[in-house]
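Handing you a structure now.
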Amino acid sequence: MSAVKEMPVQQTSERSEGDSMLRTRLLQGLTVITMLAVLFGAYVALFVVGTDATQGEVQRIFYFHVSAFAAAFIGFSVGVVGGALYLWKRHEKWDALALAGIEVGFTLSLINLITGMIWARPIWNTWWTWDPRLTSAAIMCLTYAAYLMLRNGIENRELRRRFASIYGILAMSTVIFTLIIIRIRPDTIHPVVIEPQIATQGAATDAEGSFTMSVTISQTLGINSFIWSVFLPLTLIWWRVRLQNAAEHVEQLKAKLLEQ
Amino acid sequence: MSETRPIIEVVDLVKAFGVMPVLRKFNLSVQRGQFVALLGPNGSGKSTLLRLLAGLSKPTAGHIRIGGWELPREAAAVRGQIGMVSHKPLLYDNLTAQENLLFFARLYNMPKSEQKMRIQEQLKRVGLDRRADDLVRTFSRGMLQRLTIARALLHQPHVLLLDEPYTGLDQDAGGVLDELLIEAHQSGHTLVMATHQLERAAQLAQRAVILSRGKLVLDIITESLSGHELAVCYSEATGAQTAS
Amino acid sequence: MNKTPFWRTTWAIMSKDLRAELRSRELVGAMLLFTLLAIMIFSFALELDRLTREEVVSGVLWVTVVFASILGLNRSMAMEREQGNMDAMLLAPIDRSAIFAGKMAGNFIFTLVVGVLLLPLTTVLYNVPVARPMLALVLLLGIWGFSTVGTLLAAMTVQTRARETLLPIVMLPVVLPLLLAAVRASNGIIADAPSEQWQAWPQVLLVIDVIYLVMCLLMFPFVVEE
């Protein structure tokens, strides 16, 4: 997490050629590591871990489904941190970070939704159902779509950054809501996968399609969640911030050109 | 606050929206009681400067001091000393003239005992005392602008900022506004007015400050200048064709 | 010159809004008419029979209230922006968050009036007894939350290109937690369930209300400054 926060500081500051080269190399290295790690996680999930007794092969999608949500959560949290820092410090790099976090989070939450639907088709016999958890997850995605729309609707760049920061912070409430709805709406059929040892045994086994995790299944889930929520957001956000900085630089050059 | 110190001091003021600078290293000082006209083509930064002086906008760099208080750090202290009139009326349609003024009197924390009297006094000053209980939405453009002046002077500010106050006024209403501004000036207010009307600027103001692309290009005393002479200076300074 | 005290400012702004509304009745009138139309349309669009009516009535009630509040919020903020009145308030020596408190209080009262009138109306039209004191309390808590988030978001959306269209899009997802708690509580009350079964929901509502209020009070100054 801390690496995610610090990274753009180095990104936007004026820097020497060599420094910039080093950073590019670092990012390229990180990208390779991330890709290998994701592939490794996928390998473990698809070939190493045993097949679930009740659900069969399709259960394997869970490793990606849960990991994507964890990663999206990290992305949205970066959105909150970046937004708050922008409101406080008023440096545009913080808004670039928040935007990167939210875009990455948005993409990953879409992956989360789609993998969930693929899983639901054979297990629940439908692509989609208006279950509270599913609905709130879908609305969470829509909230961030609204975030992007709000950004688009504001011409003034300073105003856009300020409003986006505020909305990015407010939007987190739907993420938290999606996380806790499984606890407060007992009628959800969504299985509780990550569950602290609270007495929800009943709810978990009652729900359709839930499963008790063997050690290897939970280990696989742990490995994948870790890779997805640490390496993936870090790399993607870094790339996105770079892109934003480049776009910003182009704008500045354009403005300079207009001056003359 | 010493009397000799300028009431408005602007030092190296920079304001940029995004990467586009609107004001670049702008300097200005205005003495207490002066009537200054801000001139310049559209987009030269007049409105931006007025918004900065009013504390509605924060400078990117540089300093603004009003009555010795630093903006935006001591904005709360500055706000009570400033009145602003823009081309928008800043009034509520569904309230009467009196209710509008009462609302602003409350926002400026005017003591209850004074409110009625001051409102009456202002309405009389702008010649609207007979229309005090009429809804603002029934007012003509000229009456609206008079009420706007009453609103801006209600809390007895030292400085009155005017942003294109003549927009949308016909000849008569413009004449009434002229008189009100002259009166405000004579009663000791400092006036800074952005306008496109060079003739009026020459007639009313003591000093003209001409902006072009965010910089001060000319600062002259207008008391001995005719409108035509000012127009010549203006086109020379801004490099534009004479504004007709 | 000192700042005008917070409560005086809040009071001045709220009473200004109430006075203008008492005179024109534009806002509450439009909101009331909308709610009336909405519950009628729901009734025949869903072809409700007696049993389903009882089940869906709280959902219908809340959806109607949310949309009515959006209607009011848009109008209330447009009023401040159109004539540049927000600037006039910002010129005054007042706390920015007091502007929020004043506008929010006004919106809260307008929506509450509409909501409270909606209860007997629904009772008559749906033939389900929803006019109960406990439900009015839940209504109050829910509307408080909508007005809080809505006032902040409306102050932002009036400054965008899309203006009125954007408010429901940005507001509905954020009020979802409030909506869920409010509907659950109302369902329990309408079904005459024992209070242990639903009394947690008004408490949840209150907690979310307080969290949102604090967040919005803190963030509003960022919305209006330049």
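The values are calculated or read from the model by the stated rules, or taken from the named source; none is laboratory data. This structure is a prediction, so every number in the text was calculated from the model and none was measured. With ideal geometry, Cβ positions are generated from the backbone for all residues, glycine too; neighbour counts draw on all protein chains shown.
A quick yes/no check of all residues on (1) among the acidic types (Asp, Glu); (2) closer than 19 Å to B:ILE149 by Cα:
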{"site": "B:LEU56", "(1), (2)": "no, yes"}
{"site": "B:GLY67", "(1), (2)": "no, no"}
{"site": "B:GLU99", "(1), (2)": "yes, yes"}
{"site": "B:PHE103", "(1), (2)": "no, yes"}
{"site": "B:TYR108", "(1), (2)": "no, yes"}
{"site": "B:PRO111", "(1), (2)": "no, no"}
{"site": "B:GLN120", "(1), (2)": "no, yes"}
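Which condition does A:GLU6 not pass, out of (1) at pLDDT 80 or above; (2) under 19 Å from the mean Cα position of the chain (by Cα), if it passes all the others?
Just one mismatch for A:GLU6, condition (1).
Here's something else I'd like to know. For segment B:198-210, state whether one or more residues are in contact with a helix residue (DSSP H, G or I) (Cβ under 8 Å, 6 or more places away or on another chain), assigned by TED's automatic domain parsing to the domain that holds B:PHE35, in a loop (DSSP other than H, G, I, E, B) and of a type outside the set (Asp, Glu).
no
Answer yes or no: is there a residue in segment C:57-76 that is farther than 25 Å from C:ARG184 by Cβ and touching a residue at least 60 places away in the same chain (Cβ under 8 Å).
The answer is yes; a qualifying residue exists.
Condition (residue is within 10 Å of chain C (Cβ to nearest Cβ), surrounded by 22 or more Cβ atoms within 10 Å (Cβ to Cβ), assigned to a strand (DSSP E or B) and touching a strand residue (DSSP E or B) at 6+ places or on another chain (Cβ under 9 Å)) applied to segment B:43-53: is it met by at least one residue?
No, the conditions are met nowhere in segment B:43-53.
Now for a separate question. What about A:GLY83, is it modelled with pLDDT of 90 or more and within 14 Å of another protein chain (Cβ to nearest Cβ)?
Yes; evaluated as a whole, the condition is true for this residue.
For the subset of segment B:169-190 comprising residues that are outside any helix (DSSP H, G or I) and surrounded by fewer than 14 Cβ atoms within 10 Å (Cβ to Cβ), which member is modelled with the lowest pLDDT?
B:ASP170
For B:ARG151, indicate whether it is under 20 Å from the mean Cα position of the chain (by Cα), basic (Lys, Arg) and within 19 Å of C:LYS16 (Cα to Cα).
yes
Right, next: Could you list, in sequence order, all residues of segment A:125-182 that are part of a loop (DSSP other than H, G, I, E, B), buried (at least 17 other Cβ atoms within 10 Å of the Cβ) and out of contact with any Lys or Arg (no Cβ under 6 Å at 6 or more places or on another chain)?
The answer is A:ASP131, and nothing else.
Could you pull out every one of the helices (runs of 4 or more DSSP H) wholly within segment C:140-226 that has 2 or more residues that are more than 9 Å from every other protein chain (Cβ to nearest Cβ), hydrophobic (A, V, I, L, M, F, W, C) and in contact with a Leu (Cβ under 9 Å, 6 or more places away or on another chain)?
In segment C:140-226, the matching helices (runs of 4 or more DSSP H) lie at C:166-190, C:200-224.
Next up: Can you report the number of residues in segment A:110-133 which are small (Gly, Ala, Ser) and within 13 Å of chain C (Cβ to nearest Cβ)?
0
Can you pull out the helices (runs of 4 or more DSSP H) entirely within segment B:54-137 that have at least 1 residues that are buried (at least 23 other Cβ atoms within 10 Å of the Cβ) and at the interface with chain C (Cβ under 7 Å from one of its Cβ atoms)?
Hits in segment B:54-137: B:75-79, B:97-107.
Cβ-Cβ below 6 Å, separation at least six or inter-chain, first residue in segment A:222-239 and over 22 Å from A:ARG60 (Cα atoms), second surrounded by fewer than 19 Cβ atoms within 10 Å (Cβ to Cβ) and polar (S, T, N, Q): which pairs?
A:THR235/A:THR31
Residues checked against (1) in contact with a Leu (Cβ under 8 Å, 6 or more places away or on another chain); (2) more than 26 Å from B:ARG137 (Cα to Cα):
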{"residue": "C:THR10", "(1), (2)": "no, no"}
{"residue": "C:ASP17", "(1), (2)": "no, no"}
{"residue": "C:LEU51", "(1), (2)": "no, yes"}
{"residue": "C:VAL65", "(1), (2)": "yes, yes"}
{"residue": "C:GLU80", "(1), (2)": "no, no"}
{"residue": "C:GLY84", "(1), (2)": "yes, no"}
{"residue": "C:LYS103", "(1), (2)": "no, no"}
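Scan segment A:134-171 for residues that are facing chain C (nearest Cβ under 8 Å) and of a type in the set (A, V, I, L, M) and jot them down.
Matches in segment A:134-171: A:ILE139, A:MET140, A:LEU142, A:ALA146, A:MET149, A:LEU150, A:ILE154, A:LEU159, A:ILE166, A:ILE169, A:LEU170, A:ALA171.
Being outside the structural domain of B:LEU123 (by TED's automatic domain parsing), charged (D, E, K, R), under 28 Å from B:ASP12 (Cα atoms) and surrounded by fewer than 19 Cβ atoms within 10 Å (Cβ to Cβ) is the requirement here; does B:ASP219 meet it?
Judged against the criteria, B:ASP219 is a match.
Against the conditions (1) surrounded by fewer than 17 Cβ atoms within 10 Å (Cβ to Cβ); (2) assigned to a loop (DSSP other than H, G, I, E, B), where does B:SER235 fall short? Just the number, please.
Of everything listed in (1) surrounded by fewer than 17 Cβ atoms within 10 Å (Cβ to Cβ); (2) assigned to a loop (DSSP other than H, G, I, E, B), B:SER235 misses just condition (2).
I want to confirm something. Restricting to segment C:72-118 and keeping residues that are in contact with a Gly (Cβ under 7 Å, 6 or more places away or on another chain) and within 24 Å of C:ALA136 (Cβ to Cβ), which single residue is farthest from the other protein chains (Cβ to nearest Cβ)?
C:THR111
Name the single residue, out of those in segment C:21-55 being without any contact (Cβ under 8 Å) to a residue 40 or more places away in the chain and crowded, with 18+ Cβ neighbours inside 10 Å, that is farthest from C:LEU117 (Cα to Cα).
C:PHE42
Among the numbered criteria (1) free of Cβ contacts under 8 Å to residues at least 12 places away in the same chain; (2) closer than 23 Å to A:ASN156 by Cα, which one does C:PRO173 miss?
(2)
Kindly provide the set of residues from segment C:85-102 that are free of Cβ contacts under 8 Å to residues at least 12 places away in the same chain and closer than 20 Å to C:ARG75 by Cα, ordered by number.
Answer for segment C:85-102, where residues must be free of Cβ contacts under 8 Å to residues at least 12 places away in the same chain and closer than 20 Å to C:ARG75 by Cα: C:ASN85, C:ASP87, C:ALA88.
Condition check: touching a residue at least 60 places away in the same chain (Cβ under 8 Å) and either among the aromatic types (Phe, Trp, Tyr) or buried (at least 18 other Cβ atoms within 10 Å of the Cβ) (or both). Does A:PHE73 satisfy that?
yes
A follow-up question, please. Going through segment C:1-30 one residue at a time, which ones are more than 9 Å from chain B (Cβ to nearest Cβ) and among the β-branched types (Val, Ile, Thr)?
Within segment C:1-30, C:THR10, C:VAL28 qualify.
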